[in-house]
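The values are calculated or read from the model by the stated rules, or taken from the named source; none is laboratory data. All figures in this text were calculated on a predicted structure; none of them were measured in a lab. Neighbour counts are summed over all protein chains in view; Cβ atoms, including those assigned to glycine, are modelled from backbone coordinates with ideal geometry. Surface accessibility is based on the protein's heavy atoms, side chains included, excluding ligands, DNA and RNA. Shrake-Rupley method; radii C 1.70, N 1.55, O 1.52, S 1.80 Å.
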Amino acid sequence: MNAIFPFPDTPGSREKLVVIGNGMAGCRTVEEVLARAPGRFDITIIGAEPRVNYNRIMLSPVLAGEKAFDDIIINGPQWYADNAIALISGDPAEMIDREAHTVVTRGGLVLPYDRLVIATGSDPFIIPVPGHDLVGVVTFRDLDDVDRMIAAAEAGETEGSNAAVVIGGGLLGLEAAHGLALRGMQVTVVHLMSTLMERQLDEAAGWLLRQELERRGHTILTSANTKAILGAAGRVAGIVLEDGTRIRADLVVMAAGIKPSVALAKAAGLACERGIVVDDHMVTSDPAILAVGECVQHRGACYGLVAPIWEMCRALADCLTGVGSGRGFEGSVTSTKLKVSGIDVFSAGDFSGGEGSEDVVMRDAAHGIYKRLVIKDNRLVGAVLYGDTADGNWYFDLLRRQEDIAAIRQSLIFGQAYAAGGAGGDPHAAVAALSDDAEVCGCNGVSKGAVISAINEGAHSVAALRSTCKASASCGSCTNIVESLLALTLGAEVEAGPKTLCGCTSFTHDDVRRLILERNLKSIPQVMQELHWSTPEGCASCRPALNYYLLCAWPGEYADDETSRFVNERLHANIQKDGTYSVVPRMWGGITSPRELRAIADVVEKYNAPMVKVTGGQRLDIFGIRKEDLPAVWADLNAAGMVSGHAYGKALRTVKTCVGSEWCRFGTQDSTGLGVKIEQATWGSYMPHKFKIAVSGCPRNCAEATIKDFGIVCVDSGYELHVGGNGGIKVRVTDLLCKVETEAEAMEHCLAFIQLYREEAHYLERTAPWIERKGLEWLKAQLFTDPDRISRLAARFRLSQKYWQIDPWAGRAAGAHHDLHQNLAEVRPLALEKAQ
């Protein structure tokens, strides 16, 4: 037991209010009571955890290393003291004596009450399979669970035991998988249903989510039923599925769902079904006892999201104090936002369809956007958004208010601005149109009206609103709406400021690059310390960027932090959808030889590669190589003189050529020879993004040089140099940079351009958007105003190449980082698995 605050010495006339549960629902209830009737109750809060109240929603950023515990505290010690609240922490309630009106804790404390609030939350559902009680099997419900997962990840770094399996592909499971992956673990998500987050997403959105997670390196197995958890020496060693598939695991996270925590209430004789049964005022079958949060069942429904729970808290406080609307809790339509970094998903209402309903769907494959609205009787009843969730609050408001949408039916799918007749010219119009009771901050249950009230009471900045009404204080996804409300209410535009590198810092990419040089910063921790990073270890966005910026700034001094690279770069191969990898050896200028072709053929046969594909960059891509076989494959290719093609990296990919003057009757210059020289000079270079070069031997442009990052078109008088092109989803034709007369000049300009791009572009910015952002005239001024600039840039590039032109495959083939290539989790096509 840890009684952080002693029982206050208060007059005996005050009613004794005891709250069982020091979590979000219990403390929010107390806040609502204090707001209505300060000083009326003598309040005691009993908490099972030895901590103050914290935001459980933000456990995922703690696991991911983006926040520390202090960052997610909702009510610190001073709050309890200021409000004369006795907190009994680390000593859970064990018994309720309804006749005596007392609560008995595990430590033997007997606490009398006049009114009792039960806010025991929910318990994680533990799948009752063999091995569920092994050491290394954890849940994901509180800070202790997070500490156990972090400890497992840290142990994996030193012991090589870094395979994790997350059972459950719901919101909590995916957040656990995301955090563990950022901690360096190889994660497999095992989900019973065919669609991820099937309670919140339809099949199409679930598929998009799966594709994005797999692109990030996660292994996702759906329609997969866990049969048993395997152990060795009392610790978890893996899992086996119903179909016989075995997956190695050093950590298993149970995230298969939650169930209301009703054991205490049931033992006290309160009416319980799935949850503690309550009426609209949150009163249980005992009039002196109320209940709130995930532990309750209201009108047959149980809720696990914060928005309806905040409504319950308000209804309960109205009932306890007799202050407020008194209408009670009438049930709630829920909405969900997925908070895995960078993935925008929103859902609300009923999207199961059915008789009498119609679907309105919009797909934008090029931009990864999917929207589906379900309409019934001219009312919006369900919404699923993926990729673009900006109108989520508006759709949710329409759904909750059940407004007739007949008048805007044809434009509804395009969002509020279009439905309102083109309000896109005013960025605040959509926010202004929201009703006062529209929810702005889902994490903390803050309405538009509450934000405006706080602004009118003096909170004139986002920071002030976060500390008063708590809007935007948790995940931050509603910050743009809060800024709009500030601008609308104060009558002045609120500038959000330039886009920062990520949410961990107030500095932009350009600021960070400049300050690294100005302040002589030479490590990631030093950058974070000097530039006041808001997170202890950064995030998945800033760590790879910082790693690149430091490598570019300090060649030969800064040591590459491989843990801050993406999984494909760490393993020097591209992971495929079935968990195997593809291998692309380099072919200089697209030229190969019998020896190289025989080596590739031997590898394909020796390692049972199911496919060899000719790439658009004039190379051969070997598919289906298992992770544990990669070093041996590389050794065999190295023996034939082949090195990594860096098809996985933010680096030079290929130099595509045509045969040029050596063979072609139209060729004006030796394009093949020049391409080989350029590739041999530039391979291995680390860049902001992938980089492609082509050399065409004549203006017929057979090598497609005018859609490459750097393209050379040979002409009779010399060489035309083109920059900033790319193919793919958004094709951009290059800009003509200049013309030069000699091959040596073409080489020198190419190296100078690459180095300028390396030094000036933002991480993950291709040359096309970089040039569009900076401008072609700026680029020309940078290269040609100073006659010595080309040679200086090229010299800096050659210096960097001294440290980077080392074949990574050779080191791995010799045994370096062998732990990364252990058979952590063999994920193979199930048909092949069964056949064997």
Quick one: in the range 628-663, of everything that is touching a strand residue (DSSP E or B) at 6+ places or on another chain (Cβ under 6 Å) and charged (D, E, K, R), which residue is farthest from D807 (Cα to Cα)? K656
Residues being out of contact with any helix residue (DSSP H, G or I) (no Cβ under 8 Å at 6 or more places or on another chain) and closer than 13 Å to G589 by Cβ - total across the range 679-691: 1
When you go through G811, G815 one by one, which is the residue that is open to solvent by less than 60 Å² (accessible area, probe 1.4 Å) and either closer than 30 Å to V189 by Cα or at pLDDT 95 or above (or both)? G815
Near pairs, Cβ below 9 angstrom, 6+ apart or cross-chain, from the range 679-701 (touching a residue at least 12 places away in the same chain (Cβ under 8 Å)) to any residue that is among the hydroxyl-bearing types (S, T, Y) and part of a loop (DSSP other than H, G, I, E, B): P688/Y763; H689/Y763; F691/S685; G697/T668; C698/T668; P699/T668
Where in the range 610-711 are the strands (runs of 3 or more DSSP E), entirely inside, with at least 2 residues that are more than 38 Å from the chain's Cα centre (by Cα)? 691-696
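So which of L180, L196 ends up being in a loop (DSSP other than H, G, I, E, B) and touching a residue at least 24 places away in the same chain (Cβ under 8 Å)? Can you show your working first?
Numbers: L180 fails: in a loop (DSSP other than H, G, I, E, B).
Testing whether each residue is in a loop (DSSP other than H, G, I, E, B) and touching a residue at least 24 places away in the same chain (Cβ under 8 Å) leaves just L196.
Name the single residue, out of those in the range 593-611 being surrounded by fewer than 17 Cβ atoms within 10 Å (Cβ to Cβ) and of a type in the set (A, V, I, L, M), that is farthest from R626 (Cα to Cα).
Residues of the range 593-611 that are surrounded by fewer than 17 Cβ atoms within 10 Å (Cβ to Cβ), as a first pass: 593-595, 597-598, 601-602, 605-606, 608, 610-611.
Right, trim to of a type in the set (A, V, I, L, M) and you get 597, 601, 611.
On the way: L597: 21, A601: 17, M611: 13 Å.
Checked the range 593-611; the qualifying residue farthest from R626 (Cα to Cα) is L597.
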Looking at K259, is it in a strand (DSSP E or B), of a type outside the set (A, V, I, L, M), touching a strand residue (DSSP E or B) at 6+ places or on another chain (Cβ under 8 Å) and open to solvent by 30 Å² or more (accessible area, probe 1.4 Å)? yes
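To keep it simple, each residue is scored yes or no on (1) within 23 Å of L320 (Cβ to Cβ); (2) over 30 Å from the mean Cα position of the chain (by Cα); (3) buried (at least 18 other Cβ atoms within 10 Å of the Cβ).
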site: N75; (1), (2), (3): yes, no, yes
site: E94; (1), (2), (3): no, yes, no
site: T102; (1), (2), (3): yes, yes, no
site: Y113; (1), (2), (3): yes, yes, yes
site: F125; (1), (2), (3): no, no, no
site: V129; (1), (2), (3): no, yes, no
site: V137; (1), (2), (3): no, no, yes
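What tally of residues in the range 563-577 results from selecting those that are open to solvent by 50 Å² or more (accessible area, probe 1.4 Å) and not polar (S, T, N, Q)? So that I can check it myself, show each step before the final result.
First, pick out the residues of the range 563-577 that are open to solvent by 50 Å² or more (accessible area, probe 1.4 Å): 563, 566, 576-577.
Next, from what is left, pick out any that are not polar (S, T, N, Q): 566, 577.
The number of residues fulfilling the criteria is 2.
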Test each condition in (1) open to solvent by less than 20 Å² (accessible area, probe 1.4 Å); (2) in a helix (DSSP H, G or I) for Y763 and report the one that comes out false. (2)
Just for the range 363-388: of the residues that are touching a Lys or Arg at 6+ places or on another chain (Cβ under 8 Å) and part of a loop (DSSP other than H, G, I, E, B), which one is most open to solvent (accessible area, probe 1.4 Å)? N378
So, in the range 651-672, how many residues would count as being in contact (Cβ under 8 Å) with a residue 24 or more places away in the chain, farther than 16 Å from P585 by Cα and in contact with a helix residue (DSSP H, G or I) (Cβ under 9 Å, 6 or more places away or on another chain)? 12
Assess whether V527 counts as being farther than 21 Å from A810 by Cβ, within 23 Å of the chain's Cα centre (by Cα) and open to solvent by less than 30 Å² (accessible area, probe 1.4 Å). yes
L174 versus (1) in a loop (DSSP other than H, G, I, E, B); (2) of a type outside the set (D, E); (3) out of contact with any strand residue (DSSP E or B) (no Cβ under 6 Å at 6 or more places or on another chain): which is the lone unmet condition? (1)
So A228 clears everything in (1) open to solvent by 50 Å² or more (accessible area, probe 1.4 Å); (2) of a type outside the set (D, E); (3) in a strand (DSSP E or B) except one condition, right? Which one? (1)
